[in-house]
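Asks: After the structure tokens below, expect a handful of questions from me.
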Amino acid sequence: MNRFFKRHREGEYDWEDLEVRGENLYKFIVEKSQQYNFDIADVVLVGFSNGSNIAIKIMLQHPEALKKAALFAPMYPTDVPVEQDFNEIDVFLSLGEGDPIVSEAESVRVIDLFKKRNAEVTVAWVNGHTLTQEVALKAKNWLNK
């Protein structure tokens, strides 16, 4: 399976690789915003599982630039000091009850990661590690609010 960044095993990230690839993806977004003349603040990061995890990394690295994200089945298994203020950030989180990959405690960690930084957080729960049509519709409604 293709991934945005390496991991040592399930739930154990290669943090150095995530740092590098997160920064590379951010630079790509900035480059394209200049090339196609759009405001980077209008970009909505969207990811499922590994994709949502790299989106979290980018938001932690550049909270001043990226303001919105729809993250499905995210996990960020490390403590992050509360330094940034995400009061301008709006995030939709789809989390799994009974997720075989992301425990409920890890899901709560992701919710707290954003809430402790004053982000606007919308949470939807699904069964398992999945992206359902129902939760996609909830994300669409969140995006259109």
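Coordinate-derived values only; no laboratory data. Because the structure is a prediction, the values reported are computed rather than measured. Here Cβ is always computed from backbone atoms with ideal geometry, including for glycine, and neighbour counts include all displayed protein chains.
Asks: Considering amide H positions built from the backbone, and no H for Pro or chain starts, which residues 5 or more places from His62, or on another chain, come under 5 Å of its amide H?
Replies: Those lying under 5 Å, H to H, from His62: there are none.
Asks: Which cross-chain or sequence-distant (5 or more) residues have an amide H under 5 Å from the amide H of Val46, H modelled 1.01 Å from N in plane?
Replies: When sequence neighbours closer than 5 places are left aside, the close amide H contacts are Ala70.
Asks: Based solely on its DSSP helices, what 222 nm [θ] is calculated for the chain when runs of n ≥ 4 H residues each add -39,500 (n - 2.57) and the sum is averaged over all residues, nearest 500 deg cm²/dmol? Each step should come with its number before you reach the end.
Replies: Numbers: 4 runs with 56 residues, N = 145.
Helix contribution divided over all residues of the chain: -12500 deg cm²/dmol.
Asks: Here is a further query. Can you tell me the length gained on complete extension of the stretch Ser103 to His62, counting 0.36 nm per residue apart and subtracting the Cα distance?
Replies: Length difference between fully extended and current span is 12.1 nm.
Asks: Would you grab the residues whose amide H sits under 5 Å from the one on Trp125? Only those 5+ places off in sequence or on another chain, please, with H modelled 1.01 Å from N.
Replies: When sequence neighbours closer than 5 places are left aside, the close amide H contacts are Leu95.
Asks: Could you give the length gained by full extension between Asp79 and Lys27, i.e. 0.36 nm per residue of separation minus their alpha carbon distance, to one decimal place? Provide the component values of the computation, followed by the final result.
Replies: On the way: separation 52, 0.36 × 52 = 18.72 nm, distance 2.49 nm.
Taking 0.36 nm per residue and subtracting the Cα distance, the gain is 16.2 nm.
Asks: Under the rule a/c < 1.5 gives rounded, and otherwise a/b versus b/c splits prolate from oblate, where does segment 92-136 land using the Cα gyration tensor?
Replies: Since a/c reaches 1.5 but b/c is at least a/b, the shape of segment 92-136 is classed as oblate.
Asks: Per 0.36 nm of contour for each residue apart, how much would the distance between Val44 and Asp112 grow if the chain were fully extended, relative to their Cα-Cα spacing? Could you put the intermediate results ahead of the total?
Replies: Values: separation 68, 0.36 × 68 = 24.48 nm, distance 2.03 nm.
Extra length available between Val44 and Asp112 comes to 22.5 nm.
Asks: Let me ask another. Under a cut-off of 20 Å between alpha-carbon atoms, report the lysines in cross-link reach of Lys57, not counting same-chain residues fewer than 8 places apart.
Replies: Lys6, Lys27, Lys32, Lys67, Lys68, Lys115, Lys116
Asks: Could you list Phe72, Phe28, Phe86 so that the one with the fewest beta carbons within 10 Å of its beta carbon is first and the one with the most is last? Kindly include the intermediate steps, with their values, before the conclusion.
Replies: Values: Phe72 24, Phe28 10, Phe86 21.
The order, fewest Cβ neighbours first, is Phe28, Phe86, Phe72.
Asks: Taking the beta-carbon count within 10 Å as an exposure proxy, list Lys68, Lys32 from fewest neighbours to most. Don't jump to the answer; show the numbers that get you there.
Replies: Working: Lys68 19, Lys32 13.
With the fewest neighbours first, Lys68, Lys32 line up as Lys32, Lys68.
Asks: Please report Ser33, Ser94, Ser107 as a ranked list, fewest other C-beta atoms within 10 angstrom at the top and most at the bottom. All intermediate terms of the calculation are to be shown ahead of the outcome.
Replies: On the way: Ser33 16, Ser94 25, Ser107 21.
The most exposed by this proxy come first: Ser33, Ser107, Ser94.
Asks: Let me ask another. Take every Cα pair under 8 Å in segment 7-143 that's 6+ residues apart, average their separations, divide by the length, and report that relative contact order as a whole percent. Could you put the intermediate results ahead of the total?
Replies: On the way: 219 pairs, mean separation 27.4, N = 137.
Taking the mean separation of contacting Cα pairs over the length of segment 7-143, I get 20 percent.
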